[in-house]
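Inspection log for the structure reproduced underneath, given as structure tokens.
Each value in this text was obtained by applying a stated rule to the coordinates, not by laboratory testing. On a predicted model such as this, the values are computed, not experimentally measured, just so you know.
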Amino acid sequence: MAVFQLDIRPATRIAGVAALYHLKKPAASGPRPNVLRVGSSARNITGPGNGLAVKKNSENNNEKPDTCTADELHYVTVSGSEWRLALWRYLPSPKAKPRNHPLLLLSGLGTNAIGFDLSPESSFARSMSNQGFDTWTLEVRGAGLSALVGDHGDGEITEIVSKSKKSPSKLSETLVRLSERFLGYFDEGRNSVMACQIRDLSQKLVNIIEGQRSVAPHIFGFPDNFSTALEKLLKQLDLIEKYDWDFDHHLEDDLPAVIGYIRSECRPKDGKLLAIGHSMGGILLYALISRCCFEGMDPGLASVITLGSSLDYTSSKSSLKLLLPVADPAKAVNVPVIPLGALLSAAHTFASRPPYVLSWLNPQISAPGMMHPELLEKLVLNNFCTVPAKLLLQLTTAFEDGGLRDRSGSFLYKDHLGKTNVPVLAIAGDQDLICPPEAVYETVKVIPKHLVTYRVFGEPSGPHYAHYDLVGGRLAVNQVYPSIINFLNQHDII
């Protein structure tokens, strides 16, 4: 494995969202700056953002995590934030013809990169790299392997837990901190009945644990078992405080940093990327194009493909409307996050086993017979993450007149797509309950006709395509991927 890191943070923050995207084309030649090299296979990295790349190397122990099944794992630090974004890189097959543009993949709401690389036999990302595309899958802030920069939370927690093994007072201090953290999520105040109950429970827990430790620590398994659980819980609570972003943070901060990094790493001659977005990933691409049209700037995209995406869901019967009654209560009681991954994992048991009380859940993801049960289970249990309530609240504006709005509520992203010069392929699934074909078309119809191609996959008698089937359904390789590759080939020109 090799690790590369370079401080290329901009000296000044460019004013305006569009200006963030309008990065200069890379020079055709010239020396590249020095980088930190660890291991024998280090490569140069340069670009408008902090970069770190990781790949396997048998000569040292700094291997990328087993979770990452890509060829390389890169990290990009977002200027002005505490987040380091993970980029899974799939190197182009040496057997394929050379390509002119790198390819960026963006996944959906609360998902990581696993959905694009579920297994060797069902890998959207690997299929694209086998076609010769230098393929990069982004995990936005809070997703997958993306992490906080210089996060000292782990060290602080470890220190507290380590001290608690030796000192009962430190254990008490840690549990008090834990209870105080919980109290911070309620608006009732620290003198409420609930607050008193939490404090009492915390103190009782301290007394029980300390008593058990003094009597029979070898039986109780203290401190190791309890310390480990406590460490994980505190880490999650520390992270919750950082889950304070919305859709516009992904659009205005995450995307520019990643696009600039990929551009500088791959150096396409025209400075452009190809991009494919599934679900919210496609919404981000639409919003990027719209914002740049409004500002009169070039988004730096040679073409865009969206899979089950729309800026306007008002005309459809999307099952995402189920989020509407969740959003307002979440805001009212000051709930900072929605644990989407945990909720889906728990629900999957009831959806896939008798008495199938949540049998309606699986068709939201995949149509019957389109995914092997083991792959579907792997997807549900591993692909979804926790999402901030702020992000969810902004996305619900897609159900209001005019479609998705920016955080101020004054900018409608759909209003400016008609000015684009970026070719778009918009793909829908005939049984996509989350983003039905009519929702996809609601956005398609505002794009200039000579630039947009609209495809709906699925037949009246079957097979059918639900939301994820467009990416990883068992027939997608032979039915959907060829259309995607053909479109990419048409626009991979300079």
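Run through all the Cα pairs of region 374-425 and give the fraction in each 10 Å bin from 0, expressed as whole percent.
Here the calculated profile for region 374-425 is 20, 29, 30, 21, 2.
Whose amide H sits under 5 Å from the amide H of Trp83, counting only residues 5 or more places off or on another chain, with H placed in the peptide plane?
Sorted by chain and number, the residues that satisfy this are Val78, Val149.
Could you give P(r) for region 386-487, binned at 10 Å from zero, as whole percent values over all Cα-Cα pairs?
Histogramming region 386-487 at 10 Å steps yields 14, 36, 36, 15, 1 percent.
Work out, step by step, the length gained on full extension between Glu459 and Met297: first 0.36 nm times the residue separation, then minus their alpha carbon distance; give nm to one decimal.
In short, 54.3 nm is gained.
Taking N as the number of residues in region 448-494, what is its Cα Rg relative to 2.2 N^0.38 Å?
So the Cα radius of gyration is 1.33 times the expected 2.2 N^0.38 Å.
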